[in-house]
1. Give me the distance in nm between label points sitting 7 Å out from Cα along the Cα-to-Cβ direction at A326 and D223, one decimal.
2. When P(r) over Cα pairs in 20 Å bins from 0, in percent is calculated directly from the model, which label among (1) 25, 50, 24, 2; (2) 28, 61, 11, 0; (3) 32, 61, 6 fits?
3. At 20 °C and a viscosity of 1.002 mPa s, what translational diffusion coefficient does Stokes-Einstein give for region 317-380, taking Rh as the Kirkwood radius over Cα pairs? Give it in µm²/s as a whole number.
4. Of all the accessible heavy-atom surface of the chain, with the other protein chains kept in place and a 1.4 Å probe, what percent is carbon and sulfur?
5. Pull out a ≥ b ≥ c, the square roots of the eigenvalues of the alpha-carbon gyration tensor of region 193-326, then state rounded if a/c is under 1.5, prolate if not and a/b is larger than b/c, and oblate in the remaining case.
6. Excluding ligands, DNA and RNA, what is the solvent-accessible area per residue of region 77-167 at a probe of 1.4 Å, expressed in Å²?
7. Determine the shape class of region 47-164: with a ≥ b ≥ c the square roots of the Cα gyration tensor eigenvalues, call it rounded for a/c under 1.5, and otherwise prolate if a/b is greater than b/c, oblate otherwise.
8. With a 1.4 Å probe and all protein chains left in place, how much accessible area per residue does region 208-322 have, in Å²?
Amino acid sequence: MNAIPLRRPTLLAAALGAGLLLSSCTTTPPAASPTPVSPAATSEVPSPSPTGTAARAGNATPTGTPRAVATGLEAPWSVVFRNGTPLVSERDSGRILELGPDGTTRTVGDIPGVAAVGEGGLLGLAVDSQGRLYVYSTGTDGNRLQRFGVTGEPGSLALGQPETLLEGIASASYHDGGRIAFGPDGMLYVAIGDAGRRDSSQDLDSLNGKILRMTPDGGVPGDNPFPDSLVYSYGHRNPQGLAWAEDGTMFATEFGQNTWDELNIITAGGNYGWPAVEGIATTGDFTDPVQQWEPTEASPSGMAHIDGTLFIANLRGQVLRAVPVADPSTSTTYYDGEFGRLRDVTAAPDGKLWFVTNNTDGRGRPGPDDDRILSVDLALQ
């Protein structure tokens, strides 16, 4: 497919630069326009035997019984660690929460102007080497990326004033993407959905249906694949998970429409086919996924890499999926249906794996303690 002529996206000056912006769902609902913590439970929950196609899931595997480290969250979307302190975004309330050692939560700040409609709202978080918090959210004028300074000590953290690095990205009640993460190269990557505008994924003048790469201040890196553009890869429908293996290989999860969800290896300038193809196409014109799943088994959202294993949180599939980097066409699943919908997964500073339920997002069946953040030990081989 021929590349479309490029023009630089409109960037907003924000102190030192300008710059950038990820969403969810597997079936396409009717188009729409964008326009709420409790003390932690410590009770244990059962740990099932893994199932799947891999003999082993990589070098790290869940072991023992998951424990709830936080309960009573309202549609949590992303969890990151700032100097060891967990910060959580709540999609619909627009709150950034600080999680204490005993599992209690307090509001660090409310992100101004969040328009929580459908899958839109307060979504991805990332923290840079200076401890600044990057926030992806849906506003009244579209999706945007903002940066906040953080003041105070754990237990009394507060947000500074926002710096808007990018705004006005097309939004909808679905396919907003929203995951953001710093890569091993120090650059900020942003996954953005097509917001129901299918053709935008192949349009290099649009930031929708793309994975973007930017400097921490929002500028265009000089070695990006398309001159003067934040676009790193394109042809995406709704990417929501980003992770890097130890050798720097970049992986992304992606929601398909009705046929196939995807795990992709992301390369600079790669075209991943949407909307021309969904899943493995073998046409030679697009980059095929390294693994695909039926949406009812997956709906892959957040992802983390630990010691040779990619861990993927799945919504409709209601499983934690483990994929060995050494053989990414295989996978093993854990906790099938035990915790309901899973939105995010991350490596905790103590070496445990944390995963986030999403049963209060309007599509799940919340239990009395939902939503929860759960922690499980990992066996490293």
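1. Result: 2.9 nm between the two label points.
2. Comparing each candidate, only (3) matches the computed number.
3. Details: Rh = 12.8 Å.
For these conditions, the coefficient is 168 µm²/s.
4. On the way: 6630 of 13800 Å².
Taking all protein chains in place, the chain shows 48 percent carbon and sulfur surface.
5. Oblate.
6. Details: 3130 Å² over 91 residues.
For region 77-167, the solvent-accessible area averages 34 Å² per residue.
7. Working: a/c = 1.98, a/b = 1.56, b/c = 1.27.
Prolate.
8. On the way: 3240 Å² over 115 residues.
Result: 28 Å² per residue.
The values are calculated or read from the model by the stated rules, or taken from the named source; none is laboratory data. If you're wondering where the values come from, they're calculated on a predicted model, not measured in any experiment. Glycine also receives a Cβ, built like all others from the backbone with ideal geometry; neighbour counts cover every protein chain displayed. In case anyone asks, the SASA skips ligands and DNA or RNA and just uses the protein heavy atoms, side chains included. Shrake-Rupley method; radii C 1.70, N 1.55, O 1.52, S 1.80 Å.
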